[in-house]
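Notes to accompany the following structure.
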Amino acid sequence: MAENFETVYLRLRNIMLEAAPGTTIAKDAPGTLELRTKKVDLKTKQQEWSGTVTTKKTYVAYHLMRLYNQPKLGDDISPGLAK
């Protein structure tokens, strides 16, 4: 199964980059993409997270940080993607 992770990662990476214009790429390395917004978090004094795509040992993680702050945005996400 892990041999397909690179393909899945690359597809999700491209989707995130296309859907997130105006974000800053904080990290772009094999198996890891981290995007940040232009808005600075008052507590950490760093740019806020926008999203990440990361290859893990048994899955490829896809995180959209706005969904954590505004869960209603995820109402139309398929159960498979939500999982």
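The values are calculated or read from the model by the stated rules, or taken from the named source; none is laboratory data. Given the structure is predicted, the values throughout are model-derived calculations rather than measurements. Here Cβ is always computed from backbone atoms with ideal geometry, including for glycine, and neighbour counts include all displayed protein chains.
General remarks:
- Which listed residue is of a type outside the set (S, T, N, Q), in contact with a Phe, Trp or Tyr (Cβ under 8 Å, 6 or more places away or on another chain) and surrounded by fewer than 16 Cβ atoms within 10 Å (Cβ to Cβ), from Gly51, Gly31: Gly31
- Selection from segment 8-58 of residues that are of a type in the set (Gly, Ala, Ser), outside any strand (DSSP E or B) and in contact with a Lys or Arg (Cβ under 8 Å, 6 or more places away or on another chain): Gly22
- When segment 11-28 is filtered for residues that are surrounded by 10 or more Cβ atoms within 10 Å (Cβ to Cβ), within 16 Å of Tyr62 (Cβ to Cβ) and either hydroxyl-bearing (Ser, Thr, Tyr) or out of contact with any strand residue (DSSP E or B) (no Cβ under 7 Å at 6 or more places or on another chain) (or both), the ones remaining, listed by number, are Arg11, Asn14, Ile15, Leu17, Ala19, Thr23, Asp28.
- Members of segment 70-81 found to be loosely packed, with under 10 Cβ neighbours inside 10 Å and assigned to a helix (DSSP H, G or I), listed by number: Pro71, Lys72, Pro79, Gly80, Leu81
- Considering segment 25-76, and only residues there that are under 15 Å from the mean Cα position of the chain (by Cα) and β-branched (Val, Ile, Thr), the residue that is farthest from Val8 (Cα to Cα) turns out to be Thr37.
- Residue match in segment 59-67 (condition: aliphatic (A, V, I, L, M) and assigned to a helix (DSSP H, G or I)): yes
- Residue count for segment 1-20, restricted to those that are β-branched (Val, Ile, Thr) and either over 12 Å from the mean Cα position of the chain (by Cα) or at pLDDT 95 or above (or both): 2
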